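Please treat every number below as a calculation from the coordinates, not as lab data. If you're wondering where the values come from, they're calculated on a predicted model, not measured in any experiment. Please note: Cβ atoms are built from the backbone with ideal geometry, for glycine as well, and neighbour counts cover all protein chains shown.
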Amino acid sequence: MNLESLKGRHLIDPEDFTMEELQTLLELGLKMEARPEEYADCCKGKIMGTLFYEPSTRTRLSFESAMLRLGGQVLGFSDAAVSSAAKGESLADTVRVMDDYAHALVMRHPREGAPKLAAQYATVPVINAGDGGHQHPTQTLTDLLTLQKYRGAIENLQVAFCGDLLFGRTVHSLLKTLCRFPGMTFYLVSPTELRIPGHLRDELQHRYHITLHETSRLEDCIEDIDLLYMTRIQKERFFNEEEYVKLKDSFILTRDKLKTAKEDLMVLHPLPRVNEIQYEVDDDPRARYFEQATMGVYIRMALLSAVMGVNLA
Ligand code: CP
């Protein structure tokens with residue numbers, strides 16, 4: 001396993017890593033999940049900095065859990081209001097300072113492109129933990145590890161993305177990544193108002209030659225799919241409340257709606273959910289979203305070890 005190439009690298013966009021690097025990280029993530037005790041000291045003496053300008057439960061805390069499990073330490077803020085951003089400090093200045101306090105920086109920001117800007121001012125690796133409605137590459141790593149563990153090879157899958165595909169950064173990153181695996185078919189299920197951004201559609205169709213099946217009815221594909229990726233309609237991305245209220249319950253997954261789905265379907269959701277998956281679905285063996293959240297710890301352990309260049313021998 002050669003992780004050398006990832007040492008000191010930023011992860012801003014899922015395309016920053018080659019397919020070989022992604023596969024190597026997934027292999028390491030599975031090893032760390034199977035035998036976490038073997039990696040308990042590998043980040044001893046290292047510090048991870050978190051700069052979260054937007055709320056988070058899973059991403060921030062799974063990063064923190066990952067770093068602590070590797071024997072490292074963490075510092076940072078989980079709310080811009082308690083940082084000097086509240087006093088008007090620029091992102092560039094904050095990053096220049098944090099760069100001296102930590103060996104890697106994990107950043108979530110409401111502004112698209114903020115982590116890319118941060119990377120220009122950092123000498124340590126910057127990891128994008130979600131920027132506005134743009135990208136969320138470490139959620140994609142989490143999704144891939146979940147697929148790898150519970151499904152095996154990631155190939156020849158019929159995948160439906162359902163919900164907010166316009167602002168859904170987890171969807172954008174996963175689509176841009178799964179299209180690099182062989183034999184994928186995509187169904188994009190959303191209200192007309194929340195279809196994927198035009199630039200992403202163009203990229204998938206013209207650069208990757210992917211055929212996209214866009215629909216507003218989950219019933220159109222539920223019987224055929226291997227993976228159902230549900231997402232929340234994100235209140236915080238809407239400009240007006242009325243539009244949100246109109247669209248918020250566009251899709252509600254129930255046990256009944258899964259009756260005609262394949263027995264080996266996998267239902268994922270990056271979480272948090274609001275109303276789009278009923279609690280009764282949680283007991284269905286096809287629901288894997290809580291296992292998915294768990295996988296986030298192990299793939300982030302793999303990622304942190306790799307970008308910090310620790311010796312795993
Ligand atoms: N999946 C995800 O990004 O969750 P959080 O917003 O809780 O970090």
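Structure values in brief
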read-out: Residue check for residue 244: without any contact (Cβ under 8 Å) to a residue 12 or more places away in the chain and touching a Lys or Arg at 6+ places or on another chain (Cβ under 7 Å); value: yes
read-out: Failed item, numbered, when residue 246 is tested on (1) surrounded by 17 or more Cβ atoms within 10 Å (Cβ to Cβ); (2) over 21 Å from the mean Cα position of the chain (by Cα); value: (1)
read-out: Any chance residue 68 is in a strand (DSSP E or B) and more than 16 Å from the ligand (Cβ to nearest atom); value: no
read-out: Residue satisfying all of: in region 269-302; away from the ligand (no atom under 14 Å from the Cβ) and without any contact (Cβ under 8 Å) to a residue 12 or more places away in the chain; farthest from residue 244 (Cα to Cα) among these; value: 285
read-out: Residues of region 60-70 satisfying the condition of being farther than 10 Å from residue 301 by Cα and crowded, with 19+ Cβ neighbours inside 10 Å; value: 60
read-out: Yes/no for residue 223 being in a loop (DSSP other than H, G, I, E, B), touching a Ser or Thr at 6+ places or on another chain (Cβ under 6 Å) and acidic (Asp, Glu); value: yes
read-out: Residues within region 267-304 that are over 30 Å from residue 48 (Cβ atoms), under 20 Å from the mean Cα position of the chain (by Cα) and in a helix (DSSP H, G or I), tallied; value: 0
read-out: Options 264, 249: the member that is outside any helix (DSSP H, G or I) and within 23 Å of residue 185 (Cβ to Cβ); value: 264
read-out: Residue list for region 77-110, restricted to those being touching a residue at least 40 places away in the same chain (Cβ under 8 Å) and closer than 29 Å to residue 238 by Cα; value: 94, 95, 105, 106, 107, 108, 109, 110
read-out: Qualifying residue in region 179-193 (condition: more than 30 Å from residue 92 (Cα to Cα), small (Gly, Ala, Ser), out of contact with any Cys (no Cβ under 6 Å at 6 or more places or on another chain) and touching a residue at least 40 places away in the same chain (Cβ under 8 Å)); value: yes
read-out: Of residues in region 71-82 being within 16 Å of the ligand (Cβ to nearest atom) and assigned to a loop (DSSP other than H, G, I, E, B), the one nearest to the chain's Cα centre (by Cα); value: 78
read-out: Residue that is nearest to the ligand (Cβ to nearest atom), among those in region 32-59 that are surrounded by fewer than 17 Cβ atoms within 10 Å (Cβ to Cβ) and farther than 30 Å from residue 89 by Cα; value: 36
read-out: Failed item, numbered, when residue 169 is tested on (1) farther than 17 Å from residue 58 by Cα; (2) in contact (Cβ under 8 Å) with a residue 12 or more places away in the chain; (3) of a type in the set (D, E, K, R); value: (1)
read-out: Residue in region 158-170 that is more than 17 Å from the chain's Cα centre (by Cα) and either among the charged types (D, E, K, R) or surrounded by 14 or more Cβ atoms within 10 Å (Cβ to Cβ) (or both) present; value: yes
read-out: Residue within region 41-63 that is among the acidic types (Asp, Glu), part of a helix (DSSP H, G or I) and either more than 16 Å from residue 309 (Cα to Cα) or touching a Gly at 6+ places or on another chain (Cβ under 8 Å) (or both) present; value: no
